[in-house]
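Contents: one structure, followed by commentary.
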Amino acid sequence: MFSERKATHITSESVDDPASLHRLADCYRYPESPSPDTGSPYVRVNFVSSIDGAATHNGKSGDLGGPGDRAVFRTLRGLADVILVGARTAVTEGYRQPQPDDVFTDLRRDHGQAPAPRFALVSRSLNIPADYAPLADAGTVVFTCASAPHDRRQALAAAGATIMACGQDTVDLKRVLEICGTNRWNRVLCEGGPSLFGSLIAADLVDELCHTTSPVLAGGDAGRIAHGPDTALRPMRPETTLTDDDGYIYTRWVRGPGR
Ligand SMILES: NC(=O)c1ccc[n+]([C@@H]2O[C@H](COP(=O)([O-])OP(=O)(O)OC[C@H]3O[C@@H](n4cnc5c(N)ncnc54)[C@H](OP(=O)(O)O)[C@@H]3O)[C@@H](O)[C@H]2O)c1
């Protein structure tokens with residue numbers, strides 16, 4: 001019943017060097033996409049939390065990360081076709097438009113991918129500051145719903161972003177993925193936040209969770225990495241486990257049996 005699973009060790013002095021990043025890219029290679037389970041783009045979600053389950057410290061996830069976590073974050077971006085982020089997370093965490101990363105140029109070209117992933121925000125209210133820098137790029141997509149305030153839609157379109165309505169009163173995430181599929185953005189990376197993750201879990205759209213356990217106890221009352229409506233349990237199984245010199249544990253959880 002029990003077996004000891006050995007974790008692969010990565011060294012934190014070398015996390016920025018191309019060879020280490022390529023090894024990480026090998027560990028985090030996307031499986032067949034579109035997903036054989038859902039027929040839609042493969043949805044990978046990436047989160048960090050403390051050992052005791054806090055998704056933030058002082059309101060942000062940054063304190064929980066370390067060099068290895070940043071290397072994994074960079075690698076996952078290097079492999080994705082589209083980055084999907086809840087608007088609040090994007091603004092709170094100051095997420096920027098992904099730029100082409102020299103380390104992954106050849107890999108992306110070999111896979112027929114654009115030099116950098118698309119950046120896509122999810123928001124019902126469109127309550128995003130119009131001067132939020134990624135909006136100025138027409139490549140940035142904002143997925144919203146038909147009932148979103150008209151003036152906000154106009155403001156964000158005037159800022160430069162492409163606005164797409166999916167659903168009437170809430171953002172229909174299945175429709176979002178259909179649009180991703182139509183655009184051949186089959187390798188989806190969701191970088192949070194917890195509300196968006198909770199919605200993806202509720203819709204049973206999560207193929208994979210890349211989870212970093214930060215070697216700290218946070219206490220306090222920070223939320224978990226997912227929150228939203230109650231759902232049936234979604235079985236997952238561990239696919240890869242990595243550790244580093246700083247004590248972080250990186251686990252890739254993929255769809256488990258019976259889903
Ligand atoms: N530990 C980590 O790895 C990690 C990762 C990411 C974020 N975080 C933290 O999480 C916190 C933010 O949490 P949060 O739950 O508020 O973030 P969130 O998932 O970004 O959710 C809120 C935002 O996303 C939009 N949204 C989410 N789900 C939606 C859905 N199903 N349909 C339509 N819009 C949807 C909301 O739209 P509206 O604009 O309409 O409200 C809102 O702008 C921040 O403190 C951030 O630092 C932690």
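What follows draws every value from the coordinates through simple rules; no lab data is involved. None of the values given here were measured: they were computed from a predicted structure. Don't worry about glycine lacking a Cβ; one is built from the backbone with ideal geometry, like all the others, and counts go over all protein chains shown.
Among the residues of region 184-203, which ones are free of Cβ contacts under 8 Å to residues at least 60 places away in the same chain and not in a helix (DSSP H, G or I)? Across region 184-203, the qualifying residue is only 203. Of the residues making up region 222-259, those that are exposed (fewer than 14 other Cβ atoms within 10 Å of the Cβ) and hydrophobic (A, V, I, L, M, F, W, C) are 232, 233. Of all the residues in region 202-233, those that are touching a Pro at 6+ places or on another chain (Cβ under 9 Å) and within 13 Å of the ligand (Cβ to nearest atom) number 7. For residue 70, the conditions (1) farther than 30 Å from residue 219 by Cβ; (2) assigned to a helix (DSSP H, G or I); (3) of a type outside the set (Gly, Ala, Ser) are fulfilled apart from (1).
Search region 164-182 for residues being free of Cβ contacts under 8 Å to residues at least 24 places away in the same chain and either away from the ligand (no atom under 14 Å from the Cβ) or not aliphatic (A, V, I, L, M) (or both), and hand back the single one that is surrounded by the most Cβ atoms within 10 Å (Cβ to Cβ). Break it down stepwise before answering.
Residues of region 164-182 that are free of Cβ contacts under 8 Å to residues at least 24 places away in the same chain, as a first pass: 164-168, 175, 182.
In the following step, the residues that additionally are either away from the ligand (no atom under 14 Å from the Cβ) or not aliphatic (A, V, I, L, M) (or both) were identified as 166-168, 175, 182.
Working: 166: 19, 167: 17, 168: 9, 175: 15, 182: 9.
Within region 164-182, the match that is surrounded by the most Cβ atoms within 10 Å (Cβ to Cβ) is 166.
Filtering region 184-209 to residues that are in contact with a strand residue (DSSP E or B) (Cβ under 8 Å, 6 or more places away or on another chain) and closer than 16 Å to residue 30 by Cβ leaves 185, 186, 187, 188, 189, 190, 191, 205, 206, 207, 208, 209.
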